[in-house]
Amino acid sequence: MSLPLSERDLHVLAKCAVSKWLSTSQLQRLYFPDVTADAARKSLRRLSQAEYLLSFRENLMAEALYAVGSKAKALLATKGLEVELCRTPPGQVEHLIGINDIRIAVEAEPSRVAYFFAFWELPHFQWDHAVIPDALFALMLPERRTFVVEYDRGNETREQLSRKFLAYGEGLSGFLLDAVILVTDTPERLETVRRHLRHPVISLRLLGTTLDIIRAIGVHKVKFQDICVSSERTTLLTELSGPR
């Protein structure tokens, strides 16, 4: 099926290429903010029926997920973007969707974003560190500030998280990190980790919040909890803009 593609269609395909799988609501937030959910779904179905997108629904009550289809793979290859087709989402798709929620929130102010890479993109840069963050991004605030992200859904023990944080504190060659951002799925999980890390375990700032807060107001307006301090101190990312 031949289909004329709009500029918005091309943006949808490119974003799906770097994000692997995006939900209907994520794509609506990105590219259909001024139309109804039904109109957004209709546009996405049009791309799916033309094989530019793959669609997946776990059941009739679940939200549809979209990835690059065969025709989009060929189109994007002509623009230098190689994409691996994935017929079904990974087993821990909620983890992937959460990381893409964080990506969307970071990129909501594109003028500030130097880069954002999710963990599945890091191998393209010959990543050889023992620890692999869920995401790595840099913002211009106005100086460049670099952050690693751990999105925790309770699948790792507190000890496993502590070891990761210690590794970040020892540094990643090629990156001058300014803070580790811990994003949890619930406030209770954040408080559990915070109590475990009441005493500093790393030299870096360790900032925490929940995914619901990031979804609601975006990364740039979040008052992150300063996890490794005894007080209830909070900070905005822009408040890290002083000298290192």
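Over the Cα atoms of region 78-150, the radius of gyration divided by the Kirkwood radius equals 0.99; this is the Rg/Rh ratio.
For the chain, the longest principal axis of the C-alpha atoms and the axis of helix 93-106 are separated by about 80°.
Relative to the dominant Cα principal axis of the chain, helix 187-196 is inclined by about 40°.
Length gained on full extension, Arg144 to Leu122: 6.0 nm, using 0.36 nm per residue less the C-alpha separation.
Hey, got a sec? Which trypsin sites (Lys or Arg not before Pro) in region 109-182 land in a DSSP loop and have at most 15 other Cβ atoms within 10 Å?
In loop regions of region 109-182 (DSSP not H, G, I, E or B), the sparsely surrounded trypsin sites (Lys or Arg not before Pro) are Arg153.
What residues from region 153-186 fall in the zone where the backbone N is under 18 Å from a label point 7 Å along the Cα-to-C-beta line of Ala108? Residues 181-186 qualify, since their backbone N sits under 18 Å from the label point. In loop segments of region 48-103 as defined by DSSP, the GluC sites (Glu not before Pro) with at most 10 further C-beta atoms inside 10 Å of their C-beta are Glu82, Glu84. Measuring nothing but how far apart in sequence close Cα pairs (under 8 Å, 6+ apart) lie, relative to its length, the chain scores a relative contact order of 13 percent.
In order along region 31-36, the Karplus-derived 3J(HN,Hα) couplings, from 6.51 cos²θ - 1.76 cosθ + 1.60 at θ = phi - 60°, round to 10, 10, x, 10, 10, 6 Hz, and Gly and Pro are given as x.
Across the accessible surface of the chain, with the other protein chains kept in place and a 1.4 Å probe, carbon and sulfur atoms take up 53 percent. Placing a pseudo-label 7 Å from each Cα along the Cα-to-Cβ vector at Thr186 and His129 gives an inter-label distance of 3.0 nm.
Place a point 7 Å from the Cα of Ala77 along the Cα-to-Cβ direction; which residues of region 35-61 have their backbone N under 18 Å from it? Under cut-off, by backbone N: 51-54. The fraction of all Cα pairs in the chain landing in successive 5 Å bins from 0 to the largest distance is 1, 6, 13, 17, 18, 15, 12, 9, 6, 3, 1, 0, 0, given as whole percents. Rounded to 0.05, the FRET efficiency of the Arg153 and Val229 pair, given R0 = 22 Å and the Cβ-Cβ distance, is 0.35. By the rule of a C-alpha distance below 22 Å, with chain neighbours fewer than 8 residues away ignored, the lysines paired with Lys20 are Lys42, Lys71, Lys73, Lys79. Taking max minus min of the alpha-carbon positions on each principal axis, region 38-111 gives extents of 38, 29, 29 Å, largest first. Among beta bridges identified by DSSP and lying wholly in the chain, the antiparallel ones come to about 65 percent. Panel note: the C-alpha atoms of region 138-244, placed on their principal axes, show extents of 34, 32, 25 Å (largest first).
Is the shape of region 118-170 best called rounded, prolate or oblate, per the rule: a/c under 1.5 gives rounded, else a/b larger than b/c gives prolate, else oblate, with a ≥ b ≥ c the square roots of the Cα gyration tensor eigenvalues?
It comes out prolate by the Cα gyration axes.
The values are calculated or read from the model by the stated rules, or taken from the named source; none is laboratory data. All values reported here derive from a predicted model rather than from experimental measurement. When we count neighbours, we look across all protein chains shown, and the Cβ atoms used for this are built from the backbone with ideal geometry, even at glycine. Just the protein is used for accessible areas: all its heavy atoms, side chains included, with ligands, DNA and RNA removed. Shrake-Rupley method; radii C 1.70, N 1.55, O 1.52, S 1.80 Å.
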